[in-house]
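Worksheet: one structure, shown below.
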Amino acid sequence: MRAWIILFLFLPLFLNFQPYIDEEDIYFEKADTGYELYIRQKNGVKSILLTESQKDPQKKKTNYGLRTRQYFPPNGDEIRILDNRILHTKYEAFFLVDSTLENHPTLGKAFHFYLPEEVIFGYDWTRNGVIHIHPGIKVNLRLFSKKYSDYTGQFLDQWITLKFSYSENNFRPNLINDFNDLSNQVIIKSENDSLEDIFLSITDYTDPGELAEIIFIIDVTDSMKEEMPVFKKIFPQLISELKNKIDRLKIGFILYRDYGENFIARRLEMSENIPEVKNLVNRLGILGGMDIPEAVNEAIFQLQDYNFETQNPLAVLFGDAPAHPKPRGEITRQKALQVVDQQNIKLIAICLPFQ
């Protein structure tokens with residue numbers, strides 16, 4: 001009889017533990033070497049463990065908590081209780097578990113996870129693997145009624161899809177101010193903006209006429225792996241719309257990377273051979289750029305070597321990182337701006353969030 005009374009007393013708690021995480025409860029943003037994930041605290045949830053799959057109701061398949069290969073502060077100092085044993089994640093296994101709430105400017109009280117680009121699950125003697133973290137991938141949230149992902153309480157599994165949340169934190173520090181300093185106009189991509197539409201909007205900055213000269217100044221480092229395919233895809237349509245307004249169209253490119261790469265900034269001559277230009281765009285590759293700032297000033301300085309026919313040529317800069325605050329050579333911000341002024345160039349800058 002006593003056992004039935006205890007079960008009756010705890011049954012309402014079991015029935016009430018039905019939290020659900022909505023999209024607006026999730027904040028996912030890029031960090032320099034990975035991603036930040038914030039989950040709004042819901043009633044009754046005291047801890048969250050990220051797992052590679054959900055619990056098998058048939059109990060025939062073991063599922064595993066996600067781990068990082070090295071220590072990261074947001075989760076590396078957490079505790080996990082497993083089989084009545086306390087695991088100190090800083091020293092034993094870097095589980096992605098959180099029982100410590102933080103104040104988030106959008107979500108309020110929230111759990112915080114740092115996700116490197118690769119996380120692991122399982123062990124050498126069990127089923128194991130690597131999961132590559134990126135927007136669009138699904139991870140499982142295991143929501144616990146007790147701290148430290150303690151299975152002596154209740155838990156509930158829920159899949160979520162990682163989607164970027166946009167704020168100023170999605171842009172490299174000083175990027176917007178840096179591009180503002182360089183250009184006549186800055187276009188800042190927001191969460192709801194289509195990147196294809198932004199690239200097509202370049203036609204708005206060209207006037208109908210006999211001749212237009214446009215130089216694309218492009219960051220070709222690894223951080224552009226999301227944007228470069230979009231630019232390649234939309235480029236033929238962009239050219240078509242420009243040709244509808246302009247009789248003669250000359251297109252040039254300045255590609256830039258960073259100090260220590262196989263090139264800092266490379267200028268490609270303008271061409272009216274549109275098939276050749278399209279072929280060049282299709283062959284553009286990305287590589288390098290391990291630190292944050294890039295050789296933006298050096299790229300803009302390359303504009304001085306063009307012999308423009310028009311009085312107001314257009315340059316379109318797009319990237320996700322600011323220039324180095326201290327140059328490692330002779331090319332300074334002042335010299336870059338002098339070239340823009342002397343050549344009477346209309347410079348449009350597109351600020352992209354880093355992925």
Report task. State to the nearest 20 debye the size of the charge dipole of the range 170-351 about its Cα centre, where the only charges are +1 on K and R beta carbons and -1 on D and E beta carbons. Result -> 260 debye
Query raised in the report: Using alpha carbons only, what's the Rg to Rh ratio of the range 22-161 with Rh from Kirkwood?
Result: 0.93
Query - the range 103-121 versus the range 20-98: alpha-carbon centroid distance in Å - result: 9 Å
Report task. Let me see the pair-distance distribution of the range 136-290: every alpha carbon pair, 10 Å bin width, integer percents in order. Result -> 8, 28, 30, 15, 9, 6, 3, 0
**Report entry** the range 150-232: C-alpha pair distances exceeding 21 Å, %
**Finding:** 50 percent
Report summary line: Rounded to the nearest 10 degrees, the helix 2-16 long axis (Cα) sits at an angle to the longest Cα principal axis of the chain of 10 degrees
Query raised in the report: Rounded to the nearest 20 Debye, what is the dipole magnitude of the chain about its Cα centre when Lys and Arg each give +1 and Asp and Glu each give -1 at the C-beta?
Result: 1760 debye
Report summary line: For the chain, whose charge dipole is built from +1 on Lys and Arg Cβ atoms and -1 on Asp and Glu Cβ atoms, the candidate among G319, N192, G76 with its Cα farthest towards the positive end is G76
Query raised in the report: Cα-Cα over 18 Å: which of K109/K163; K30/K163; K250/K335; K233/K278?
Result: K109/K163; K250/K335
Query raised in the report: Quick one, which of (1) 1.06; (2) 1.11; (3) 0.94 is the actual Rg/Rh (Cα atoms, Kirkwood Rh) calculated for this model?
Result: (2)
Report summary line: Computed ³J(HN,Hα) along the range 339-344: with the Karplus parameters 6.51/-1.76/1.60, θ = phi - 60°, integer Hz and x for glycine or proline, the list is 4, 4, 5, 5, 8, 6
Query raised in the report: Assigning unit charges at the beta carbon (Lys, Arg +1; Asp, Glu -1) and nothing else, what dipole magnitude in debye, to the nearest 20, does the range 22-161 show about its Cα centre?
Result: 620 debye
Query raised in the report: Quick one: Karplus J couplings for the range 239-255, per residue in order, coefficients 6.51, -1.76, 1.60, θ = phi - 60°, nearest Hz, x for Gly and Pro?
Result: 4, 4, 5, 5, 5, 5, 9, 10, 6, 10, 10, 10, 10, x, 9, 10, 9
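Every number here is computed from the coordinates shown, using simple stated rules; none is lab data. What you see is a predicted model; the values in this text were computed from it and never measured. Cβ: placed from backbone, ideal geometry, glycine included. Neighbour counts: every protein chain shown.
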